[in-house]
Amino acid sequence: MTQVEIQHEALNRARNGQVVSNWPAIFAGLMAKGIPEPDIKPRENVFTYQAWKALGRQVRRGEHGVKVNTVRIFQKKVIDKATGEEKEDSYSVPWSATVFHISQTEPDKEGEL
């Protein structure tokens, strides 16, 4: 998988994820950093590093994000022992990610070209 594909996958997961259980941690962590609650909008202006890269933004050096726990779903191809058919199987893995608010980012120099 290329770096651009990784970034777009991260952005897709961030925008289309179904889990909102991390939102209290996101709000608490970003408010502790001095960001007002009305300015915090998960899935709109709070994303992971890779998702910000996909949006043409760079997290500023020295910024610290908020760590959240989530679950990632992976796909793998398996061969059915009974039929010999190849099919896709999915499995989930506990995952942690760090999210950043847009105020912690700036336009990426590469994104400006």
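The values are calculated or read from the model by the stated rules, or taken from the named source; none is laboratory data. No experiment lies behind these values; they were computed from the predicted model shown. Here the Cβ is made from the backbone with ideal geometry for all residues, glycine too, and neighbour counts use every protein chain on show. All accessible areas refer to the heavy atoms of the entire protein, side chains included, with ligands and DNA or RNA removed. Shrake-Rupley method; radii C 1.70, N 1.55, O 1.52, S 1.80 Å.
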## Note on the structure
Of R72, R43, the only residue that is closer than 18 Å to H8 by Cα, open to solvent by less than 60 Å² (accessible area, probe 1.4 Å) and under 12 Å from the mean Cα position of the chain (by Cα) is R72
### Filter result for the condition that a residue is in a strand (DSSP E or B) and open to solvent by less than 100 Å² (accessible area, probe 1.4 Å), over S103, S96
S96
### Summary
By residue number, the members of the range 64-102 that are in contact with a Gly (Cβ under 9 Å, 6 or more places away or on another chain) and of a type in the set (S, T, Y) are T70, T98
### Message
Filter the range 74-100 down to the residues that are out of contact with any helix residue (DSSP H, G or I) (no Cβ under 9 Å at 6 or more places or on another chain), within 24 Å of A54 (Cβ to Cβ) and among the aliphatic types (A, V, I, L, M) and list them by number.
### Response
V93
### Task
Take the residues in the range 23-51 that are touching a helix residue (DSSP H, G or I) at 6+ places or on another chain (Cβ under 7 Å) and in contact (Cβ under 8 Å) with a residue 60 or more places away in the chain, then tell me which one is farthest from A97 (Cα to Cα).
I35
### Among the candidates E63, E5, E85, residue that is out of contact with any His (no Cβ under 8 Å at 6 or more places or on another chain) and open to solvent by 100 Å² or more (accessible area, probe 1.4 Å)
E85
